[in-house]
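One structure below.
The values are calculated or read from the model by the stated rules, or taken from the named source; none is laboratory data. No experiment lies behind these values; they were computed from the predicted model shown. Backbone-built Cβ (ideal geometry, glycine too); neighbour counts: all protein chains shown.
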Amino acid sequence: MTTQDKYPPMAPVRLSAGDPDQGPLATGAATLVLGGEPVAFELTVPAGPVAVEDVLPIFQGLSSLLAARAAAKATAAGRSVSCQAGCGACCRQLVPIAPAEARALARVVDAMPEPRQSEVRARFDAAVATVSATDLFEGMTEPDVRRINAGRDYFKLGVPCPFLVDEACSIHPDRPLSCREYLVISSPDHCRALSAEGIEKLVLEGDPSLAVLKSDLRDGWLPLIHALVFDQSAPPSPRDRTGPEILADVLGRL
Ligand code: SF4
């Protein structure tokens, strides 16, 4: 089987971020090698200096694309992805997000109508209070090591994600990169267990969540439940790179 046989011929994948009413946009072509296959992209981002969160829709689209490709490969290999709407088994895990994602999630909450917005804010407050009663997050700034060490302890607390409603994600189009990239082919029972043993995660052809995190390490990573606290307390996001510069930096870290 040739590489061309694995996937149907693809038109350039078009991803965009930015609002032309807010400033000029820049569009360019890029080719990413995904799983050994060159994939053409047409990418549109704000042309001027912006914050990482202003380019985030590009990385969200890329995460979703990589997840879809991994799921398709699993299906072709006779395995099926267990993740589906109504299964929130993984949504009590520690979800590491970049500062830019915290800003974006805060804007999602800001845009919610009442009484939903107040309900979600109350769930954030309850989650932070539960975890604050422990010393779980002390000194956590290194995503690769510490999120794994703390993850099991966090999971034992049973704190549901504030966006989890009826065991489904209530912000599915806006969910964090880590959530998009978490796909399992093992039984959901393993995700509900207190141990990661038995969980078979799909390996994606890139890791946009970690790439964005490394490109946006001004404040270290943070757990999703701290998104609103961060947004209210941290200084404004730096706007010291243009959209194309942020894009190139993140794509170079995939
Ligand atoms: S954002 Fe959505 S998918 Fe991610 S942990 Fe929360 S409820 Fe689950």
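Data table
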quantity: Every pair of residues 6+ apart whose Cβ atoms lie under 7 Å, when the first sits in the stretch 82-99 and is under 19 Å from ALA211 (Cβ atoms) while the second is of a type outside the set (A, V, I, L, M) and within 7 Å of the ligand (Cβ to nearest atom); calculated: VAL95/CYS161; VAL95/PRO176; VAL95/CYS179; ILE97/PRO176
quantity: Filtered residue count, the stretch 161-175, keeping only those that are assigned to a loop (DSSP other than H, G, I, E, B) and either at pLDDT 95 or above or near the ligand (Cβ under 8 Å from one of its atoms) (or both); calculated: 6
quantity: So LEU15, is it of a type outside the set (Lys, Arg), within 30 Å of ALA168 (Cβ to Cβ) and away from the ligand (no atom under 16 Å from the Cβ); calculated: yes
quantity: Meets criteria (crowded, with 18+ Cβ neighbours inside 10 Å and not in a loop (DSSP other than H, G, I, E, B)) for ALA104; calculated: yes
quantity: Residues located in the stretch 89-101, provided they are within 17 Å of CYS169 (Cβ to Cβ) and small (Gly, Ala, Ser); calculated: ALA89
quantity: Of residues in the stretch 64-88 being more than 15 Å from the ligand (Cβ to nearest atom) and touching a strand residue (DSSP E or B) at 6+ places or on another chain (Cβ under 9 Å), the one farthest from HIS172 (Cα to Cα); calculated: ARG69
quantity: Any hit, the stretch 17-26, residues being in a helix (DSSP H, G or I) and surrounded by fewer than 13 Cβ atoms within 10 Å (Cβ to Cβ); calculated: no
quantity: Residue in the stretch 178-186 that is assigned to a loop (DSSP other than H, G, I, E, B), farther than 20 Å from GLN60 by Cβ and over 14 Å from the mean Cα position of the chain (by Cα) present; calculated: yes
quantity: Residue within the stretch 33-53 that is polar (S, T, N, Q) and either away from the ligand (no atom under 16 Å from the Cβ) or in a helix (DSSP H, G or I) (or both) present; calculated: yes
quantity: The one condition in (1) within 25 Å of PRO162 (Cβ to Cβ); (2) surrounded by fewer than 22 Cβ atoms within 10 Å (Cβ to Cβ) that SER187 fails to fulfil; calculated: (1)
quantity: Per-region count, the stretch 32-78, residues of a type in the set (S, T, N, Q) and at pLDDT below 95; calculated: 1
quantity: Yes/no for PHE124 being in contact (Cβ under 8 Å) with a residue 40 or more places away in the chain, under 20 Å from ILE246 (Cα atoms), touching a helix residue (DSSP H, G or I) at 6+ places or on another chain (Cβ under 8 Å) and within 16 Å of the ligand (Cβ to nearest atom); calculated: no
quantity: The stretch 176-195, residues that are of a type outside the set (D, E, K, R) and either within 16 Å of the ligand (Cβ to nearest atom) or in contact with a Gly (Cβ under 8 Å, 6 or more places away or on another chain) (or both); calculated: PRO176, LEU177, SER178, CYS179, TYR182, LEU183, VAL184, SER186, SER187, PRO188, HIS190, CYS191
quantity: Hits in the stretch 219-231 - residues which are away from the ligand (no atom under 16 Å from the Cβ) and either without any contact (Cβ under 8 Å) to a residue 60 or more places away in the chain or touching a Ser or Thr at 6+ places or on another chain (Cβ under 8 Å) (or both); calculated: GLY220
